[in-house]
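Comments concern the structure below.
The values are calculated or read from the model by the stated rules, or taken from the named source; none is laboratory data. Since we're looking at a predicted model, the values are computed, not measured. We place every Cβ from the backbone using ideal geometry, glycine too, and count neighbours over all the protein chains shown. Surface accessibility is based on the protein's heavy atoms, side chains included, excluding ligands, DNA and RNA. Shrake-Rupley method; radii C 1.70, N 1.55, O 1.52, S 1.80 Å.
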Amino acid sequence: MRFATYEQGGQVRAGVVSDAGLHGLPARTTVLDLVRAGLPAALAAGAAALDGPAVPFDAVRLLPPLEAPSVRDFVAFEEHVEGVVAGMGQGAGVVPEWYEAPTFYFTNPHALVGAHDDVPVPPGSQLFDFELEVAVVIGRDGASLTREQAGDHVFGYTVLNDWSARDLQRREMAVRLGPAKGKDSATTLGPWLVTADELEPYRDHDGFLTLDMRVWVNDVLIGQDLLSNMGWPFEELIAYASRGTVVRAGDVLGSGTCGNGGCLAELWGRHGEQAPPPLQPGDVVEMTVEGIGTIRNRVVPGIELPPVAPARPRPRTRRRTP
């Protein structure tokens with residue numbers, strides 16, 4: 001089943017997706033409510049909603065499928081890491097530490113945007129980029145989960161575009177911290193949340209989902225990969241995220257960017273030049289993941305802000321001046 005959040009006539013509603021459109025759930029019911037209620041209850045509520053009328057897709061604005069309590073983004077594709085390391089001027093190859101355990105950072109849950117929303121260029125950025133990913137949504141709370149237990153905590157999956165200001169990211173990571181402002185301007189989530197049972201037919205014998213992933217810029221195919229090329233399956237990512245702490249129902253965990261052109265920075269590293277060029281206002285980025293759906297966002301100009309103030313030199317005094 002597929003759950004969506006949408007806006008129509010100034011009203012925000014949660015609904016179930018069918019070929020006919022969106023079937024509204026009871027008023028004030030959110031997708032996060034359904035996630036917290038658990039998959040069986042959510043499926044029952046969705047089945048009841050399908051008996052009601054459908055709103056056509058072209059009559060609504062799709063919002064992010066749910067208001068996520070937190071968003072973690074992993075870096076689980078070896079090919080992506082290899083290309084981006086070169087593109088960020090950090091040498092070549094994948095550091096040994098990448099293979100030891102999954103790595104993630106926390107990104108901004110308040111910067112989620114819908115499947116067809118415009119995305120402004122972050123202030124001060126000249127190297128704007130996309131990142132093609134799939135995200136898993138946690139279905140119930142858990143702590144220090146094993147891989148086997150983690151599988152029972154999956155509610156569903158959605159497409160994620162981790163928009164990235166590479167110039168801002170590069171400065172932050174040179175300080176051995178981040179990414180932060182290089183990543184928190186926008187994250188597309190959508191078009192809807194597909195429950196885990198729908199994607200089980202795509203699972204291979206190693207536990208990975210063999211979903212085709214593709215990204216276009218201005219209708220030109222830029223990248224294509226399989227989700228099953230991840231270094232760890234989602235269950236391992238969930239187990240790691242919960243290690244020594246808690247994951248909550250509704251938490252979003254991104255796979256990290258796929259390889260073979262999943263972002264521009266990977267290609268810049270492989271080509272030794274900025275080809276294809278950074279995203280500019282007017283560019284349209286479209287991503288499709290097999291079994292889930294398509295998101296399509298237009299890049300628009302961002303706001304102009306004053307330059308960031310640099311740090312002052314460190315004072316050399318050791319005591320207050322009388």
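In the stretch 9-29, how many are of a type in the set (Ser, Thr, Tyr) and open to solvent by less than 20 Å² (accessible area, probe 1.4 Å)? Of the residues in that region, 0 qualify.
Name every residue in the stretch 68-89 that is in a loop (DSSP other than H, G, I, E, B) and among the aliphatic types (A, V, I, L, M), in order of residue number. Listed by number, the residues that qualify are Ala68, Val75, Ala76, Met88. Counting just the residues of the stretch 1-20 that are over 24 Å from the mean Cα position of the chain (by Cα) and part of a strand (DSSP E or B), which one comes out nearest to Phe57 (Cα to Cα)? Going through the qualifying residues, I end up with Gln8. Does the stretch 22-30 include one or more residues that are in contact with a helix residue (DSSP H, G or I) (Cβ under 6 Å, 6 or more places away or on another chain) and more than 30 Å from Gly269 (Cβ to Cβ)? Within the stretch 22-30, one or more residues are in contact with a helix residue (DSSP H, G or I) (Cβ under 6 Å, 6 or more places away or on another chain) and more than 30 Å from Gly269 (Cβ to Cβ). Within the stretch 10-25, residues that are of a type in the set (Ser, Thr, Tyr) reach partners that are open to solvent by 30 Å² or more (accessible area, probe 1.4 Å) with beta carbons closer than 9 Å, at six or more positions or on different chains, in the pairs Ser18/Arg2; Ser18/Leu50; Ser18/Ala54. Residue-level check: of (1) over 16 Å from the mean Cα position of the chain (by Cα); (2) open to solvent by less than 40 Å² (accessible area, probe 1.4 Å); (3) of a type in the set (Asp, Glu), Asp197 misses just (2). Output the residues belonging to the stretch 30-67 that are over 24 Å from the mean Cα position of the chain (by Cα), closer than 28 Å to Asp152 by Cβ and part of a loop (DSSP other than H, G, I, E, B). Scanning the stretch 30-67 gives a single hit, Leu50. The set of residues from the stretch 258-312 being open to solvent by less than 80 Å² (accessible area, probe 1.4 Å) and among the acidic types (Asp, Glu) comprises Glu266, Asp283, Glu286, Glu290. Restricting Glu172, Glu133 to residues that are within 30 Å of Asp118 (Cα to Cα) and free of Cβ contacts under 8 Å to residues at least 12 places away in the same chain narrows the list to Glu172.
Results for (1) of a type in the set (Val, Ile, Thr); (2) under 28 Å from Gln224 (Cα atoms); (3) open to solvent by less than 70 Å² (accessible area, probe 1.4 Å), shown as yes or no for each residue.
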| position | (1), (2), (3) |
| --- | --- |
| Ala4 | no, yes, yes |
| Glu7 | no, no, yes |
| Val31 | yes, no, yes |
| Pro40 | no, no, no |
| Leu43 | no, no, yes |
| Val60 | yes, no, yes |
| Glu78 | no, yes, no |
| Glu100 | no, yes, no |
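Figure legend. Inter-residue proximity from the stretch 294-322: first residues within 23 Å of Asp219 (Cβ to Cβ), second residues exposed (fewer than 10 other Cβ atoms within 10 Å of the Cβ) and not polar (S, T, N, Q), beta-carbon distance below 8 Å, spacing 6+ or different chains. No pairs are indicated. Taking the conditions (1) open to solvent by 60 Å² or more (accessible area, probe 1.4 Å); (2) aliphatic (A, V, I, L, M); (3) in contact with a Ser or Thr (Cβ under 7 Å, 6 or more places away or on another chain) in turn, Leu221 satisfies each one other than (3). Screening Asp162, Asp167 for residues that are open to solvent by 20 Å² or more (accessible area, probe 1.4 Å) and in contact (Cβ under 8 Å) with a residue 12 or more places away in the chain leaves exactly one candidate, Asp167. Note on the stretch 87-98: among residues that are open to solvent by less than 40 Å² (accessible area, probe 1.4 Å) and among the small types (Gly, Ala, Ser), the one that is modelled with the highest pLDDT is Gly93. Per the listing Arg171, Arg203, Arg140, the residue uniquely within 21 Å of Phe77 (Cα to Cα) and basic (Lys, Arg) is Arg203.
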